[in-house]
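A short write-up of the structure that comes next.
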Amino acid sequence: MTTDAQPSPPPPALAPTARADRALAPDVARGLVLLGIAVANVPFFLYGRELGILLKPMTDAAADPWVNALVATLADNRSYPLFALLFGYGMTQLLTREHARGTSLPDARKLLIRRNLWLIAFGAAHGVLLFFGDILGTYGLLGLALVLLIRASGRTLAIVGWLAFGFLILVGALEGLSGLLSKFGGGGLSTVSFGSASAETFGMAVLLRAAEWSIGLISVPFGGLGLLAPMILGMWAARRRMLEQPWQHRRALGLTAGIGVPLSVLGALPIALALLGVFELNPFVEPFAAMLHAATGAIGGAGYVALIALLVAGRPSGRELGSPTAKPAGPISRAFAALGQRSLSGYLTQSVVFVIAFAPYTLGLGGTVSVAVATQIAVITWLGTLVLANVLAAFDRPGPAEWLLRRAVYGRRR
């Protein structure tokens, strides 16, 4: 007697993670670090000033040295490595999730490649239309490299990560060349270092930004390769679910936060004190101070993530000990997580506001306001995105950029 062959089950549909199922700590960290990104990026929208240490605009405003020093201590060379760590963590989470759904490794890799290619496309639009210092294209390009390492052994990750960290330190010296350029270039960094910021028309700004962004993307193998170090650290942490189950890794997270955060602050002191005018960095010493600033910034990024994970991690009850989630988040954590879940929209919104506020062809504040005032505008902008993200969260809606990216990557299926 014969029996009809049973049809094989259809392959699982690729789909993004539901917002309710996302880990809390990474989203809280993303929401908070957007503040650091805002205050670190806003000086690049100012124009008509000479640039000093770490490419900081130099003005006569009394508060500006203090603001520059504070941002250099807490945000510069700290925010983007932190976000890079979360980027690597998220890529590994995505692969783990698809594996649990039964997706084959080749299909999961194709998904990662498709997502990173779309990130590059988003970065191109952002870099050309709004901000030449776009980071999305860089993350997308490095993300393609991470696809090759997504299943690499711990030993391979360690080797590549340490090599990338050494490269990050060397590239950090480039930010400390202002003194040498001033000494041997006859006048320091000029006021036209970032031409798109001072362009008189939107069309001219687009042309200049297209050139600046393209040069930045092409130079990623030389200048941005160091960001692979925190990305690989994020992959290593994701394999151990350190941010999804922080209560199981309190000792490791505590050591990382206890060492990383103080080291980050101490490593920024030479630059911060020089910005305050306490002493003047010798032109030959400045590159080494910038290298120290970059190295401790990457370590500090990991420290801040660990600290956030510890602060938002509740000790699970007996019923929850086997669960990947902890107790429900408090209102403050939920507020930051709402923005973290919509971090792409929050990041792009910052650039939209900054162009409207500072460009010569709009309100033109970039040529008149101090660094302190510009930083206040950046903080207010971040607060605005925080409010808007929570409004969207109240209606269980994604950010517009997240919706568009998911539509592009996954298609119509959810």
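The values are calculated or read from the model by the stated rules, or taken from the named source; none is laboratory data. Just so you know, these numbers come straight off a predicted model, no measurement behind them. Ideal geometry is used to build each Cβ from the backbone, glycine not excepted, and the neighbour counts take in all protein chains shown. To get the accessible areas, we keep the full protein, side chains included, count just its heavy atoms, and leave off ligands, DNA and RNA. Shrake-Rupley method; radii C 1.70, N 1.55, O 1.52, S 1.80 Å.
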Does the stretch 301-320 hold any residues that are modelled with pLDDT under 85 and under 22 Å from residue 268 (Cβ atoms), and which are they?
none
Would you pick out the residues in the stretch 270-279 that are open to solvent by 40 Å² or more (accessible area, probe 1.4 Å) and not in a loop (DSSP other than H, G, I, E, B)?
273
Restricting to the stretch 280-301, what's the tally of residues that are open to solvent by 30 Å² or more (accessible area, probe 1.4 Å), touching a helix residue (DSSP H, G or I) at 6+ places or on another chain (Cβ under 6 Å) and part of a loop (DSSP other than H, G, I, E, B)?
1
Name, by its number, the condition in (1) open to solvent by 20 Å² or more (accessible area, probe 1.4 Å); (2) in contact with a Leu (Cβ under 9 Å, 6 or more places away or on another chain); (3) farther than 18 Å from residue 345 by Cα; (4) in contact (Cβ under 8 Å) with a residue 40 or more places away in the chain that does not hold for residue 48.
(2)
Taking residue 255 as meeting all but one of (1) open to solvent by 30 Å² or more (accessible area, probe 1.4 Å); (2) of a type outside the set (Ser, Thr, Tyr); (3) outside any helix (DSSP H, G or I), write down the number of the exception.
(3)
Output the number of residues of the stretch 334-388 satisfying the condition of being among the polar types (S, T, N, Q), farther than 19 Å from residue 131 by Cβ and buried (at least 20 other Cβ atoms within 10 Å of the Cβ).
1
